[in-house]
Amino acid sequence: MDQIVLSHVTKTFTTKTLGTVTAVNDFNLTIKEGECFSFLGPSGCGKTTTLRMIAGFEDLSQGEIHLCGKPVSIKSKNLYVPPEDRGLGMVFQSFAVWPHMNIFENVAFPLRVRKVPKAEMTERVKMALKHTSLDGMEKVYPGNLSGGQQQRIALARAIVTNPKVMLLDEPLSNLDPKLRETMRFEIKELQKKFNFTIIFVTHDQSEAMALSDRMMVMDMGNIVQIGTPTELYNRPVNRFVHKFLGQSTFTDVILQDGKAYARGDMEQPLPVALPENGEREMVMATRPNQIDMNRTEGYKTKVEKRIFLTNYTEYLVRVGDQLLQVQTPHRNAFAQGETCYLKFPGIMWYGKEDEAAEAERNRRQLV
């Protein structure tokens, strides 16, 4: 069942300094029941604006939004269902807990607003606290808790209303890395227990890939690519997605006489298959951990710099007039200054970087 449907949704803002900006441009999107779906992209790409329109905190400039088979926003008919009537659970980047209320009162608040009977409210709050590892702490105040515990209050308050859809807006960004990893699994476990649909907004690709059934990469108000984490990581549609999802190496290449040469070295061709219908100047993209660094065959170069890291060794090697980042297991060690050879399995080809697009991304971060 399609639980969230966006049809031609558009949102424009007018600012004094930057003029009119289309934050969300003609979105068409369907999210299925029980799915964990992430909005992923840099600051200013429109992901939070889209979430706020689904929640009802922002009106549409154009288009329609349907939740659980019912229309909640239709601009052409001036139809607008307020946030409190959309049946959504929400967790924000800031924990948004009330310091003057204890844990029980924080979690019970949305039920009090709905005038839920006291006995039922008590039972539902206890169940929500149990599922978020806060049982037995009903009388504790948020000021005495860690950041992770405060975020659990926000999660408990969101699930206590038995929502069919949960909206999570960068809920883990204020937590330390280890706790953030723990909370990812807890959110996924809650989804399994309660079977709600999740929309997860983040700029952190590792969070999105760990949690998502599918995810959407956004750029400058547009949908760039939708797919599973594996599909997007292994088959990015353009350079922007490749760069945004994981570490990337990009090599400026010149195609000439049926061969590919790294810019700055027209003597030694690269051992790669040429792109179909490639232009003379192209960009070769791969992951640092996919480059085969060996001592026998490939593109001959040398190690400029060697850095020992926790899970791998990282090298900077010269390819033409560029320095390439390469990662290898510790057992495959090279010394700084040592000659080595490079092979490039699994490369992708893209056009040269669009400088105008990069300038527009930077501008949008100021909106």
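The values are calculated or read from the model by the stated rules, or taken from the named source; none is laboratory data. Bear in mind that the values here come from a model prediction, so they are computed numbers and not experimental data. Reconstructed Cβ throughout: ideal geometry from the backbone, glycine too, with neighbour counts over all protein chains shown. Side chains included, ligands, DNA and RNA excluded: accessible areas come from the protein's heavy atoms. Shrake-Rupley method; radii C 1.70, N 1.55, O 1.52, S 1.80 Å.
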Per-residue HN-Hα couplings for region 269-275, Karplus 6.51 cos²θ - 1.76 cosθ + 1.60 at θ = phi - 60°, whole Hz, x for Gly and Pro?
x, 7, x, 9, 7, 6, x
Within region 316-342, backbone nitrogen closer than 20 Å to the virtual label 7 Å beyond the Cα of Gln268 toward Cβ:
316-328, 333-342
Anyone know which of Arg52, Arg295, Arg86 comes out most mobile in the 10 Å Cα GNM of the chain?
Arg295
Name the chymotrypsin sites (Phe, Trp or Tyr not before Pro) in region 305-349 that are in a loop by DSSP and that have at most 16 other C-beta atoms within 10 Å, would you?
Tyr312
Surface per residue (accessible, 1.4 Å probe) for region 218-367, Å²:
54 Å²
Once amide hydrogens are built 1.01 Å from N within the peptide plane, the residues lying 5 or more places from Ala23 or on another chain with amide H under 5 Å from its amide H are Lys11, Thr12, Phe13
Taking all protein chains in place and a 1.4 Å probe, what share, in percent, of the accessible surface of the chain do carbon and sulfur account for?
48 percent
Tell me which of Ser133, Thr182, Pro171 sits at the most positive position along the dipole axis of region 125-250, charges placed on C-beta atoms (Lys, Arg +1; Asp, Glu -1).
Ser133
When the dipole is taken about the Cα centre of region 81-173, and only Lys, Arg (+1) and Asp, Glu (-1) are charged at their Cβ, what size is it in debye, to the nearest 20?
260 debye
Note on region 68-182: contact order normalised by length, alpha-carbon pairs under 8 Å, 6 or more apart, percent, works out to 39 percent
Between (1) 24.7, 81; (2) 20.4, 70; (3) 21.4, 67, the structure-derived Rg and Dmax of the Cα atoms in Å is (1)
About its Cα centre, region 167-308 carries a charge dipole, from +1 on Lys and Arg Cβ atoms and -1 on Asp and Glu Cβ atoms, whose size in debye to the nearest 20 is 380 debye
What ³J(HN,Hα) values, in whole Hz, does the Karplus curve 6.51 cos²θ - 1.76 cosθ + 1.60 give for region 289-296 when θ = phi - 60°, with x put for Gly and Pro?
8, 9, 6, 8, 9, 9, 10, 10
Average accessible surface area per residue within region 43-169, 1.4 Å rolling probe, Å²
48 Å²
Region 1-48-region 312-336 distance, computed between alpha-carbon centres (Å)
39 Å
I'd like the Karplus ³J(HN,Hα) series for region 330-336: coefficients 6.51, -1.76, 1.60, θ = phi - 60°, whole numbers in Hz, and an x wherever there's a Gly or Pro.
4, 5, 9, 9, 10, 8, 4
Roughly how big is the chain's charge dipole about its Cα centre, with Cβ charges of +1 (Lys, Arg) and -1 (Asp, Glu), in debye to the nearest 20?
1040 debye
Other-chain or far-sequence residues with amide H under 5 Å of Val319's (modelled H)
Leu324
Which one of Leu211, Leu40, Leu179 has the biggest mean-square fluctuation once the chain is modelled by GNM with Cα springs under 10 Å?
Leu179
If you stretched the chain out fully between Asn289 and Gln256, how much longer would it get, using 0.36 nm times the residue separation minus the C-alpha to C-alpha distance?
9.1 nm
Measure out, as a whole number of angstrom, how far apart the alpha-carbon centroids of region 133-179 and region 253-308 sit.
48 Å
Go through 251-259, 195-203, 23-31 and give me the packing order, highest mean Cβ count within 10 Å leading.
195-203, 23-31, 251-259
In the neighbourhood of Lys178 defined by beta carbon distances under 14 Å, the net charge of the other residues (Lys, Arg +1; Asp, Glu -1) is -2
Based on DSSP, what percent of beta bridges with both residues in the chain are antiparallel, to the nearest 5?
75 percent
Residues listed by number, region 161-181, amide nitrogen under 20 Å from Lys115 label point at 7 Å toward C-beta
161-162
